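Below is one structure, written out as structure tokens; comments come after it.
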Amino acid sequence: MQNNTPPRSTIRLTRRGRIALVATGAVVVGTAVAVPLLTLAPEEDGRPTTLVIPEGWRASQVYAAVDKALALPPGSTKKSLAKAMLKLPNDAEGNPEGYLFPATYPLQEKATPEKLLALMVDTANEKFNGAPIAAGAQRNAMNVYQAVTIASIVQAEAASPADMGKVARVIFNRLERGMPLQMDSTLNYALNRATLRTTASDTRIDSPYNSYQRMGLPPTPIDNPGEEAMRAAVNPPPGDWLYFVTVKPGDTRFTADYREHTRNVAEFNAHRKSRAEHP
């Protein structure tokens with residue numbers, strides 16, 4: 001265990017890389033999470049011709065987008081999973097989370113949910129199973145599915161693409177030291193929400209995605225990561241970082257020293273208070 005680390009119950013690694021200090025049941029939180037909008041490219045007759053899946057969307061968002069693009073009743077795409085025959089790794093156990101690759105997909109005249117989902121998964125397999133992703137996963141003593149899981153957390157937590165490698169290194173360092181990941185992004189996935197307002201009681205929920213109570217990685221990816229997050233997951237830069245906090249936009253600070261980190265958190269809170277008082 002690393003030095004200068006308080007008990008598990010007093011530190012918390014939040015979404016977008018913020019650490020919050022839990023005190024008297026309250027949690028210091030950051031700004032609201034922006035949820036990307038469905039993007040469709042229309043034809044002259046108004047029918048969409050392409051579907052854009054943004055990086056970091058969860059499977060549930062992808063299903064809803066396909067339903068909308070194909071003008072199907074809500075829930076249709078999710079129900080189609082049973083007959084889609086997706087080429088997923090065995091570890092996925094039929095759950096395509098992490099393998100619905102973010103990209104722009106054509107909407108053919110005879111497009112179906114099964115065909116679209118299969119195209120997304122086939123694209124993911126093409127991206128993930130060749131060099132350098134598969135080789136990078138092996139180099140880090142993990143399989144590709146584990147790499148996708150790490151990349152999904154990186155996608156959710158990093159404040160910018162420039163931070164992705166360091167966030168991945170924090171994940172590796174915590175795993176190697178036997179520390180819980182304590183990331184809000186995994187809790188948000190369990191609770192099917194997107195927010196920074198995590199309470200102390202949230203961290204006690206009974207879920208395999210509760211990275212406060214459960215050691216190691218969550219059982220599945222928590223979103224569908226893009227190529228930058230995947231590269232970060234298999235080739236993170238060297239570093240001893242265990243904590244990170246985005247003090248303000250463009251200023252994310254990584255450290256291995258808890259006391260330094262608490263100073264960064266204090267600066268983040270002061271900046272947040274100032275913005276609230278002088279919007």
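By its C-alpha gyration tensor, with a ≥ b ≥ c as the square roots of the eigenvalues, how is segment 97-226 shaped: rounded for a/c under 1.5, else prolate for a/b larger than b/c, else oblate? It is oblate, given that a/c is not under 1.5 and a/b is not larger than b/c.
Dimensions of segment 186-260 along the principal axes, based on C-alpha atoms and rounded to the nearest Å, stand at 33, 32, 25, largest first. Under the criterion of Cα pairs below 8 Å and six or more residues apart, the relative contact order for segment 94-145 equals 31 percent. In angstrom, the C-alpha Rg and Dmax of segment 191-233 are 12.5, 34. How many angstrom lie between the C-alpha centres of segment 168-189 and segment 133-167? Segment 168-189 and segment 133-167 have Cα centres spaced 12 Å from each other. Placing +1 on the Cβ of every Lys and Arg and -1 on the Cβ of every Asp and Glu, with no other charges, gives segment 174-279 a dipole of roughly 320 debye about its Cα centre. Partners of Lys78 within straight-line reach, counting lysines whose Cα lies under 30 Å from its Cα and excluding those fewer than 8 residues away in the same chain: Lys68, Lys87, Lys110, Lys115, Lys127. For segment 114-186, the ratio of Cα radius of gyration to the globular rule of thumb 2.2 N^0.38 Å stands at 1.22. A simple packing score, the average count of other Cβ atoms within 10 Å per residue, orders the peptides 266-272, 150-156 as 150-156, 266-272, with the highest score first.
Values quoted throughout were computed directly from the atomic coordinates according to the rules given, and no laboratory measurement underlies them. Because the structure is a prediction, the values reported are computed rather than measured. Positions of Cβ are backbone-derived with ideal geometry, glycine not excepted, and every protein chain shown enters the neighbour counts.
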